[in-house]
Number of protein chains: 2
Amino acid sequence: MSQPTMQQVAERAGVSLALVSLVMRQAPNVSDYRRQLVLDAAEHLGYRPNVLARNLASRRTNTIGVVLNDIHNPFFAEIIDGIQAASDEAGYRVLIGNGKRSPSGEAEMVETFLQFRVDGIITAGATMPMSTIEAASESTKMVVVGRSSRSQVIDSVNTDDVTGARLAVDYLVELGHRRIAHIDGGTGAGAEARRRGYSQAMTDHGLSAEIVTAGGDFTESGGYHAASELLNQSSRPTAIFAANDLSAAGALDRIEDAGLAVPDDVSIVGYDNTALAAMQHLSLTTVNQPRDELGRLAVGFILERLRDERTDSVHHMIAPALVKRKTSSRLTAGEST
Amino acid sequence: MSQPTMQQVAERAGVSLALVSLVMRQAPNVSDYRRQLVLDAAEHLGYRPNVLARNLASRRTNTIGVVLNDIHNPFFAEIIDGIQAASDEAGYRVLIGNGKRSPSGEAEMVETFLQFRVDGIITAGATMPMSTIEAASESTKMVVVGRSSRSQVIDSVNTDDVTGARLAVDYLVELGHRRIAHIDGGTGAGAEARRRGYSQAMTDHGLSAEIVTAGGDFTESGGYHAASELLNQSSRPTAIFAANDLSAAGALDRIEDAGLAVPDDVSIVGYDNTALAAMQHLSLTTVNQPRDELGRLAVGFILERLRDERTDSVHHMIAPALVKRKTSSRLTAGEST
DNA sequence: ATCGGAAATTAGAGCGCTCTAATTTTTCGC
DNA sequence: GCGAAAAATTAGAGCGCTCTAATTTCCGAT
């Protein structure tokens, strides 16, 4: 298992160690003749640079770590695409860590990446304390995606969740609904803002008496149980706004289990517009978050900092948009009973 | 951004560099007194071990890299859970790389992990050439998950896809279907075996004349288009066996778009039993692959090799099982027209 | 030929840690 | 209280690479 080293390549090529290093780093000012000599020797020996040594010596890793709150949530997984595309262009490699939906799991991944001395870390949907993230920013460039932040030191990219939630409620009200319940995301990223947007919009429409929130956790089963709770109430809601697509899907399951129809008996609106929501079979009305853009922007912020182009923090907020599909419909007379 | 080093911790604690190293490695034979001195100094300085330096010096990384063919495919993402659980127990950290559904994307991630000198690499659903994997095994421990292999050097863990496909076909035949089409997984991992199982089972049931395969690629849109193809045939199938859940979901969408009902007009069976299939709204009949076990076994094989407990390759095959849900039903008279 | 500056190459000192061997301190039986 | 063995600590040589500074080679101009 022992690997050839630069030293061996140098000997075989009959040049100095330093020259091999220059060739490997694609440095200019190396004659074509020797460059070829080195490349041939490397090829012959099956030489592969040791990034541990390289990074140690150069104090750069050319790597961006991404900590996903939950690898099973398509929303987070889809952010990866934008991150990867932007990183590829900039010549950075991407390593992914799974936070297993727990603050400690996320913090452990951050710690792992810090120990690896990655050049930057993007956290997607982080639930760990902001203080953990700020502490990490002493050692590397941190960007928070999908969670609002007004930190003085950390950059963030996210959609305006308060507005997003309002869009959902406004639309349901427009369809005639009044008993609109919310399945929230508990302590999940963005959950607080969406809860707030829901309440504000309800209040603005004079429906503050109808505000009902059931506790979810951004998972399908969480949505299922929250829906149970809502259905057991004396006056069940005619519409449910769920804090994300996964819990909306769970709620949908529960409602169908109860023998009710969606959207005829209950309308459902989700959040994120993941591939799941777009599946025609589900066809979930939802609030779009431009995931690709979120990912790209996050990488951009890290690159800016790495190039010392900026030192003060930036908080980029993208406007969300409602995507109307088939789980929502106009309230009919029969429903209000 | 410069970080404290062991040297600084040693100075502050008034001990040698070597002693700090011993403490950080939780070595025995360090007095409680000095251990505490070191820990206090480290804490005070905010010291964090540099794994690059550590790994370089120790020639071990305590890290397992996982290359996923596609991070968006829930099947692969779900394998991560088992991998992570087993790795945690063994004290290994897990880093994830996304192959972006392309052989070259996968190969790049393998290369990245090799450059990081990870102790082992698990590839899930790999589509890159076996030769690439075998080449990598010269440098680290490789395990292939979800793809059959009879390599003399690489360990593999997967379910018996031929049998799995037969289960699906047998069941559909049992329900009275004869025109059973297959949406395959193209060049995807396991696709070939499932295609073969399908053909064999059809032939065994005397239905070789009914064999129809539409080209898919393990994605939802692939399934959608393949279903289009099948529906346009003169005699459309009464049942479709898709090579994975994602393409089954796509096929379902297409069938419903065509105004047909599932399972009344067309039965559908998927493969993998991902969380997607389990969603009650979809409730897809499918073939279960025990993902958690696949992941755990893969880690176990790497550990065995790392401990030099075994040198010859092992190919572990798990029996799949049919999970009956709501997308499949008995053929009714009307359907065969 | 000869010289100067640009281009190409190399020497050598780290990067922050591990690990073996050597050294120092502690412990304990008598 | 002494000596030997055990326990604790340390010195120092790498791990495989980068990077600055120094050296050597190359070339065209004179």
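Please go through region B:109-151 and pick out each residue that is out of contact with any helix residue (DSSP H, G or I) (no Cβ under 6 Å at 6 or more places or on another chain), buried (at least 24 other Cβ atoms within 10 Å of the Cβ) and among the β-branched types (V, I, T).
Within region B:109-151, B:V118, B:T123, B:I133, B:V144 qualify.
Against the conditions (1) open to solvent by less than 30 Å² (accessible area, probe 1.4 Å); (2) polar (S, T, N, Q); (3) more than 19 Å from B:T274 (Cβ to Cβ), where does B:Q289 fall short? Just the number, please.
Tallying (1) open to solvent by less than 30 Å² (accessible area, probe 1.4 Å); (2) polar (S, T, N, Q); (3) more than 19 Å from B:T274 (Cβ to Cβ), B:Q289 fails exactly one: (3).
Looking at this structure, is B:R54 among the basic types (K, R) and either touching a helix residue (DSSP H, G or I) at 6+ places or on another chain (Cβ under 7 Å) or touching a residue at least 24 places away in the same chain (Cβ under 8 Å) (or both)?
Working: among the basic types (K, R): yes; either touching a helix residue (DSSP H, G or I) at 6+ places or on another chain (Cβ under 7 Å) or touching a residue at least 24 places away in the same chain (Cβ under 8 Å) (or both): no.
No: the conditions fail for B:R54.
Restrict the check to region A:1-19 and report whether at least one residue is on the phi > 0 side of the Ramachandran plot, open to solvent by 70 Å² or more (accessible area, probe 1.4 Å), near DNA strand D (Cβ under 8 Å from one of its atoms) and within 14 Å of chain B (Cβ to nearest Cβ).
Within region A:1-19, none of the residues are on the phi > 0 side of the Ramachandran plot, open to solvent by 70 Å² or more (accessible area, probe 1.4 Å), near DNA strand D (Cβ under 8 Å from one of its atoms) and within 14 Å of chain B (Cβ to nearest Cβ).
Does B:S149 satisfy being among the hydroxyl-bearing types (S, T, Y) and within 28 Å of B:D312 (Cβ to Cβ)? Don't jump to the end; show me each part of the working.
Numbers: among the hydroxyl-bearing types (S, T, Y): yes; within 28 Å of B:D312 (Cβ to Cβ): yes.
Yes, satisfied.
Scan (1) at positive phi; (2) within 14 Å of another protein chain (Cβ to nearest Cβ) for the single condition A:Q26 breaks and write down its number.
Only one criterion is unmet by A:Q26, namely (2).
Are there helices (runs of 4 or more DSSP H) fully within region A:115-211 with at least 3 residues that are touching a Lys or Arg at 6+ places or on another chain (Cβ under 6 Å)? List them. Outline the logic, then answer.
Numbers: elements: A:130-136, A:161-174, A:191-204.
Result: A:161-174.
Of the numbered conditions (1) in contact with a His (Cβ under 9 Å, 6 or more places away or on another chain); (2) in the same structural domain as B:R236 (by TED's automatic domain parsing); (3) crowded, with 19+ Cβ neighbours inside 10 Å, B:E256 satisfies every one except a single condition; which is it?
Of the numbered conditions (1) in contact with a His (Cβ under 9 Å, 6 or more places away or on another chain); (2) in the same structural domain as B:R236 (by TED's automatic domain parsing); (3) crowded, with 19+ Cβ neighbours inside 10 Å, the odd one out for B:E256 is (3).
Confirm whether B:Y47 is under 19 Å from B:P4 (Cβ atoms) and within 15 Å of DNA strand C (Cβ to nearest atom).
Numbers: under 19 Å from B:P4 (Cβ atoms): yes; within 15 Å of DNA strand C (Cβ to nearest atom): yes.
The answer is yes for B:Y47.
On the given criteria, is A:N29 at pLDDT below 95, away from DNA strand D (no atom under 13 Å from the Cβ) and either buried (at least 22 other Cβ atoms within 10 Å of the Cβ) or farther than 23 Å from B:N55 by Cβ (or both)? Lay out the reasoning, then the answer.
Details: at pLDDT below 95: yes; away from DNA strand D (no atom under 13 Å from the Cβ): no; either buried (at least 22 other Cβ atoms within 10 Å of the Cβ) or farther than 23 Å from B:N55 by Cβ (or both): yes.
It is false that A:N29 is at pLDDT below 95, away from DNA strand D (no atom under 13 Å from the Cβ) and either buried (at least 22 other Cβ atoms within 10 Å of the Cβ) or farther than 23 Å from B:N55 by Cβ (or both).
Filter region B:162-180 down to the residues that are touching a Ser or Thr at 6+ places or on another chain (Cβ under 7 Å) and crowded, with 23+ Cβ neighbours inside 10 Å and list them by number.
B:L172, B:H177 - these are the residues of region B:162-180 that are touching a Ser or Thr at 6+ places or on another chain (Cβ under 7 Å) and crowded, with 23+ Cβ neighbours inside 10 Å.
Confirm whether A:G300 is within 14 Å of chain B (Cβ to nearest Cβ) and not in a loop (DSSP other than H, G, I, E, B). Outline the logic, then answer.
On the way: within 14 Å of chain B (Cβ to nearest Cβ): no; not in a loop (DSSP other than H, G, I, E, B): yes.
Judged against the criteria, A:G300 is not a match.
If the requirement is being of a type in the set (D, E, K, R), outside any helix (DSSP H, G or I) and within 11 Å of chain A (Cβ to nearest Cβ), which of these qualifies: B:D88, B:D70?
On the way: B:D88 fails: outside any helix (DSSP H, G or I).
After ruling out the rest, the residue left standing is B:D70.
Go through region A:43-66 and count every residue that is part of a loop (DSSP other than H, G, I, E, B), open to solvent by 10 Å² or more (accessible area, probe 1.4 Å) and either closer than 25 Å to B:E134 by Cα or within 9 Å of chain B (Cβ to nearest Cβ) (or both). Spell out the reasoning first.
Residues of region A:43-66 part of a loop (DSSP other than H, G, I, E, B): A:46-50, A:59-62.
From the residues that got through so far, the ones that are open to solvent by 10 Å² or more (accessible area, probe 1.4 Å) too are A:46-50, A:59-60, A:62.
Okay, now just the ones that are also either closer than 25 Å to B:E134 by Cα or within 9 Å of chain B (Cβ to nearest Cβ) (or both), so A:46-50, A:59.
Matching residues across region A:43-66 total 6.
What residue, of B:L22, B:L39, is within 11 Å of DNA strand D (Cβ to nearest atom) and outside any loop (DSSP other than H, G, I, E, B)?
B:L22
Which condition number in (1) among the hydroxyl-bearing types (S, T, Y); (2) within 14 Å of chain A (Cβ to nearest Cβ); (3) open to solvent by less than 40 Å² (accessible area, probe 1.4 Å) is the one that B:T311 fails?
All conditions are met except number (3).
Any idea how many residues of region B:181-199 are open to solvent by 70 Å² or more (accessible area, probe 1.4 Å) and more than 21 Å from B:N69 (Cβ to Cβ)? Working first, answer last.
At the first step, the residues of region B:181-199 found to be open to solvent by 70 Å² or more (accessible area, probe 1.4 Å) are B:187, B:192, B:196.
Now drop any that are not more than 21 Å from B:N69 (Cβ to Cβ), which leaves none.
Number of matching residues: 0.
Looking at region A:86-100, which of its residues are in contact (Cβ under 8 Å) with a residue 40 or more places away in the chain and out of contact with any helix residue (DSSP H, G or I) (no Cβ under 7 Å at 6 or more places or on another chain)?
So in region A:86-100, the residues in contact (Cβ under 8 Å) with a residue 40 or more places away in the chain come out as A:86-87, A:90, A:92.
Hit for region A:86-100 is A:Y92, nothing else.
The values are calculated or read from the model by the stated rules, or taken from the named source; none is laboratory data. Worth saying up front: this structure is predicted, and the values here are computed from it rather than measured. Counting neighbours? That spans all protein chains shown, and the Cβs are built from the backbone with ideal geometry, glycine included. When the accessible area is computed, the model is the full protein with side chains, heavy atoms only, and any ligands, DNA or RNA have been set aside. Shrake-Rupley method; radii C 1.70, N 1.55, O 1.52, S 1.80 Å.
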